[in-house]
Amino acid sequence: MQIFTIGFTQKSAEEFFGKLQRAGVKQVIDTRLHNTSQLSGFAKRDDLRFLLNAVGNIDYVHAPLLAPTDDMLSAYKKKRIDWTDYESRFLTLMRERAIEKKLERTQLDRGCLLCSEAKPRHCHRRLIVEYLKNNWDDVEIIHLV
């Protein structure tokens, strides 16, 4: 099973959609808590759903189960907690939510976890896919950067 991840900031629409197409992504799983952000013109929920389908026949789903809580995200963005604390809290949240039992493996195979961060190092999408790899067998992680 291959699970991809991608962030949309610091990418043009051509680069973003091209990476998804070349990788053979079947579905983008939006892990953002708020998916109507204007950080990038093509990444708002309705525009993204339309463009993914039109450009690459790629499905779109919003998965709030995979998003941090408002409080957690706010604390990190406002620098009330550092990355290490955020990571620990988010891992606890995933365990409490038991995401590995609630997600369909078939939906995630050749699926791509989406968030805004350009690189996966300090992004919750990396934490999600690593958590799933630790709980499921045969997961290959591919970051589209």
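Give, to the nearest whole percent, the P(r) tail of the stretch 81-145 beyond 18 angstrom, counting all Cα pairs. List each step's numbers first, then the result.
Details: 764 of 2080 pairs.
Value for the stretch 81-145 (Cα pairs over 18 Å): 37 percent.
The H on the amide N of LEU113, modeled in the peptide plane, is under 5 Å from the matching H of PHE4, THR5, ILE6, ILE29, each at least 5 residues off or on a different chain.
With a simple spin-label model that places each label point 7 Å from the Cα along the Cα-to-Cβ direction, the separation between THR36 and ASN134 comes to 3.5 nm.
Within the set LYS102/LYS133; LYS11/LYS44; LYS78/LYS133; LYS79/LYS133; LYS79/LYS119; LYS77/LYS119, which residue pairs have Cα atoms separated by over 21 Å?
Values: LYS102/LYS133 15 Å; LYS11/LYS44 14 Å; LYS78/LYS133 30 Å; LYS79/LYS133 29 Å; LYS79/LYS119 19 Å; LYS77/LYS119 16 Å.
From LYS102/LYS133; LYS11/LYS44; LYS78/LYS133; LYS79/LYS133; LYS79/LYS119; LYS77/LYS119, over 21 Å: LYS78/LYS133; LYS79/LYS133.
Projecting the Cα positions of THR106, LEU20, LEU48 onto the charge dipole of the chain (unit charges on Cβ atoms of Lys, Arg, Asp and Glu, taken about the Cα centre) puts LEU48 furthest along the positive direction.
Which sequence of ARG126, ARG121 reflects their accessible areas, 1.4 Å probe, from the largest down?
Details: ARG126 40, ARG121 165 Å².
From most accessible down to least: ARG121, ARG126.
Ordering TYR60, TYR86, TYR76 by how much accessible area each has at a 1.4 Å probe, largest first, what is the list?
TYR76, TYR60, TYR86
Ordering THR9, THR106 by accessible surface, largest first, gives THR106, THR9; the 1.4 Å probe counts only protein heavy atoms, with every chain in place. For VAL139, nonlocal amide neighbours, meaning residues 5 or more places apart or on other chains whose placed amide H falls under 5 Å from its own, do not occur. Taking label positions 7 Å along the Cα-Cβ direction at both ALA23 and ILE142, the computed distance is 0.8 nm, reported to one decimal. Compared with the rule-of-thumb size 2.2 N^0.38 Å for a compact globular protein, the chain has a Cα radius of gyration ratio of 0.99.
For the stretch 1-104, run through the GluC sites (Glu not before Pro) and keep only the ones in DSSP coil with at most 12 other Cβ atoms within 10 Å of their Cβ.
Values: sites: GLU14, GLU15, GLU87, GLU96, GLU100, GLU104; in loops: GLU104.
Loop-located and lightly packed - GLU104.
The values are calculated or read from the model by the stated rules, or taken from the named source; none is laboratory data. A quick note: this is a predicted structure, and the numbers were derived from the prediction, not measured. Cβ coordinates were reconstructed from backbone atoms using ideal geometry, including for glycine residues, and neighbour counts include every protein chain displayed. Note: areas computed on protein heavy atoms with side chains; ligands, DNA, RNA excluded. Shrake-Rupley method; radii C 1.70, N 1.55, O 1.52, S 1.80 Å.
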